[in-house]
Amino acid sequence: MAARMMRAISVTEFGGPSVLRLCSDMIVPQPRHKQVLIRVHACGVNPVETYIRAGTYARKPTLPYTPGTDVAGVVETVGEGVTAVKAGDRVFTTGIESGGYAEYTIAAEDCVYKLPDTLDFTQGAAIGIPYFTAYRALVHKGHSKPGETVLIHGASGGVGVAACQLSRALGLRVFGTAGTPGGMNLALNNGAHMAFNHREDGYTDKIMAVGSRGQIEINPRDVMAKESSVIGVVLFFATPEEKRECAAFLYTGMETGWLRPAVGSQYPLDKAAQAHHDIIESPGAAGKIVLTM
Ligand SMILES: NC(=O)c1ccc[n+]([C@@H]2O[C@H](COP(=O)([O-])OP(=O)(O)OC[C@H]3O[C@@H](n4cnc5c(N)ncnc54)[C@H](OP(=O)(O)O)[C@@H]3O)[C@@H](O)[C@H]2O)c1
């Protein structure tokens, strides 16, 4: 039987956004044991995918590769031994085997979750990395407790909106920052009690220094005097058990309604390079950036 073809982004060299090239003659992969073939409708664009594409990240995929891990779509077929989902199910993923910037992708069964009817595919593509990272930071690493206060820098992006919604669900007092009035409103509409503009002088000069997009200088005496902790978070290190716990909590959010991904700019698959440029270079985040197929 002749192989089926699909459109997908293929990266053959590391570099700027232009290395994200659309190919229309990629072979649709076949699911193996415990794998699921998904017809992709939307795929989340995450900053880490730009670092990996640039070749500057600690983990480098073997070339050529197709980026993207957070897809939402419909199960096309399943491999042998799959019981959690079946053909026709609406699903989202938290990891994939063959790359999500594509019309079809393969995911391991344990990274595939049913997408509730209340969420559309673009929202489904905004769950994986953003919500699982927010949960890891707030619960597994931050050990947040109801009544505590959290400051979310960059509350208007994919992880930030997720962190605002999650923080409120956990009973926290939530301060969020964004770089525009629209972004601040987004934070307020998604759970923040107060919002600040991190592009204004003053108080924000201090908080602008925090985060993974720049250097930070810390005076150990300040940390000591407040018995403060500085904790790094990497979603990649989450164990299967931690992911199951996280998924259970997030599912409750989808069912009860507090988990509502805010989708911002949408780009067709052939504009993936533009999406990579904009997620890093265009200030004024307004929710999750997704590709649609
Ligand atoms: N450790 C992990 O496992 C992990 C997992 C996921 C994400 N991350 C990291 O978390 C960050 C956010 O990811 P995301 O998907 O939410 O990205 P995003 O959707 O692009 O959102 C970026 C957010 O950061 C704000 N921002 C931009 N420049 C800023 C600055 N200089 N100071 C403070 N805020 C700034 C943006 O607001 P304005 O555009 O309005 O300025 C926006 O709210 C990225 O650095 C990403 O690499 C880490």
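Here are a few things to note about the model shown:
- Positive-end residue of Tyr113, Gly147, Thr94, charge dipole of the stretch 85-173 with Cβ unit charges: Gly147
- Kirkwood-based shape ratio for the stretch 1-82, expressed as Rg/Rh from alpha carbons: 1.00
- Histogrammed with a bin width of 5 Å, the alpha carbon distances of the stretch 129-236 distribute as 2, 13, 21, 24, 23, 13, 4, 0 percent, first bin at zero.
- Count of Lys pairs (Cα-Cα under 17 Å; at least 8 positions apart or interchain) in the chain: 7
- When the P(r) is computed for the stretch 25-123, the part past 20 Å accounts for 35% of the Cα-Cα pairs.
- Over the Cα atoms of the stretch 221-293, the radius of gyration divided by the Kirkwood radius equals 1.12; this is the Rg/Rh ratio.
- The candidates Arg136, Arg7, Arg59, arranged from most to least accessible area with a 1.4 Å probe in the full protein assembly, appear as Arg59, Arg7, Arg136.
- Arg221, Arg90, reordered so the largest accessible area comes first (probe 1.4 Å): Arg221, Arg90
- Result for the chain in a Gaussian network model with C-alpha springs under 10 Å: among Cys164, Cys43, Cys111, the largest mean-square fluctuation is at Cys111.
- Computed from the C-beta positions of Ala84 and Ala225 and an R0 of 35 Å, the FRET efficiency is 0.10 to the nearest 0.05.
- Its residue count N sets the reference 2.2 N^0.38 Å, and the alpha-carbon radius of gyration of the chain equals 1.01 times that reference.
The values are calculated or read from the model by the stated rules, or taken from the named source; none is laboratory data. Here the structure is a predicted model, which means the values were calculated and not measured. Cβ: placed from backbone, ideal geometry, glycine included. Neighbour counts: every protein chain shown. Each accessible area value is taken on the protein alone, full model and side chains, heavy atoms only, with ligands, DNA and RNA left out. Shrake-Rupley method; radii C 1.70, N 1.55, O 1.52, S 1.80 Å.
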